[in-house]
């Protein structure tokens, strides 16, 4: 969709046009979902995160000045909500006793996983081992294919910072993947 | 150097074919002469290949039905009264994230600035206290007990520690065994030599006798070589270091210096008694 049309939709949504807002949702929901999934790593949480983000966007759209693109603003909110969700899950997990039956089940499943899924699992694990900013940059730029400029707008940092963290993040991932690969073999 | 850094950061775009013609030419030229960047490009290409092989679209895993219903699910949520207020902790995190997660360096500078401001404020508001009467009386009774008279004792201790650590480091290098592939891990030695270099720089500005000053200077040359050596290096580099240590007879000189400082400390302590 051309940028002008999107701008019109934003203007209409600001005036309370639900249909225009729905069009904006339809336009961005899949990309937002992919970004959220990159951070929370499961479908149920990704769905919640995207829904909550759109609700926040709807309620705050009156204050959107249009300095950046709508997508940039939306993805920033998605990223924030997803990071909050991930940190909440992590802190919950710290206090929970792992269910023995469940872990045994996971191990059995892991053994029977096809190689492709195994690799996918390793990649997701490697991404989640990265520090927050590197993880955010790798998810947005490398996994979701957003441009450096868009990523710098979403994370409110310079393009140089994005490039630096992408470089460091991918190098670290390479190291982690090699380690996991060695352990597997 | 600047060019190298700029090109290094463009390697990802280059690997994905997302650079313009001019940049492509610049990167190719640089790659022809820079081994390090070539190595990094290979690393990046392998990560891109691995992650590309297993790439999936999570949104694609949800059926079309899910996506048809999705906007309506949001509308349902919007129709609900705004009872579920946002968690305060989440709001705080959202507010602070750009500063403390995405811009840690700026946050560091800000925190350092605030700390300095607080310290300066405390120092400015504090009035100089008059010394307690007892202290004044002691100073009058023992005029020789000034801080200047205790300083050399402290220097000797520090110097002894410096020589002892240096000796241990050099002995370690002398006795170092090389691995089967001829590689030696220098990570610990590098770290230790950097710490010792800082000490050496401190001693340069202290009133030292000519022999100690010369020894510290000779030792510094070896420490600089050690501090800048690769973490994993081959046998030839170790031999060069050993040659330097033996040529200057550094271990013997350090032992002599240690003995002299031990004696001077002993004499001083006896004198003080």
Could you tell me which of the residues A:46, A:36, A:32 is facing chain B (nearest Cβ under 8 Å) and surrounded by 22 or more Cβ atoms within 10 Å (Cβ to Cβ)?
A:46
For the structure I just gave you, tell me whether residue A:51 is within 9 Å of chain B (Cβ to nearest Cβ) and surrounded by 15 or more Cβ atoms within 10 Å (Cβ to Cβ).
yes
For the stretch A:136-166, enumerate the residues that are at the interface with chain B (Cβ under 10 Å from one of its Cβ atoms), in a helix (DSSP H, G or I) and touching a residue at least 40 places away in the same chain (Cβ under 8 Å).
A:136, A:143, A:154, A:155
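Let's see how each residue does on (1) part of a loop (DSSP other than H, G, I, E, B); (2) surrounded by 15 or more Cβ atoms within 10 Å (Cβ to Cβ); (3) at pLDDT 90 or above:
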residue: B:76; (1), (2), (3): no, no, no
residue: B:81; (1), (2), (3): yes, no, no
residue: B:85; (1), (2), (3): yes, no, no
residue: B:98; (1), (2), (3): no, yes, no
residue: B:106; (1), (2), (3): no, no, no
residue: B:109; (1), (2), (3): no, no, no
So, of the residues in the stretch B:12-47 that are facing another protein chain (nearest Cβ under 8 Å) and within 18 Å of residue A:147 (Cα to Cα), which turns out to be surrounded by the fewest Cβ atoms within 10 Å (Cβ to Cβ)?
B:13
Can you tell me which residue among B:60, B:52 is at pLDDT below 85 and within 11 Å of another protein chain (Cβ to nearest Cβ)?
B:52
Using the structure shown, decide if residue A:125 is more than 9 Å from every other protein chain (Cβ to nearest Cβ), over 26 Å from residue A:153 (Cα atoms) and either in contact with a strand residue (DSSP E or B) (Cβ under 9 Å, 6 or more places away or on another chain) or modelled with pLDDT of 80 or more (or both).
yes
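The values are calculated or read from the model by the stated rules, or taken from the named source; none is laboratory data. Note that the coordinates shown come from a computational prediction; the quantities given were computed from them, not determined experimentally. Note that we place each Cβ from the backbone using ideal geometry, even for glycine, and neighbour counts take in every protein chain shown.
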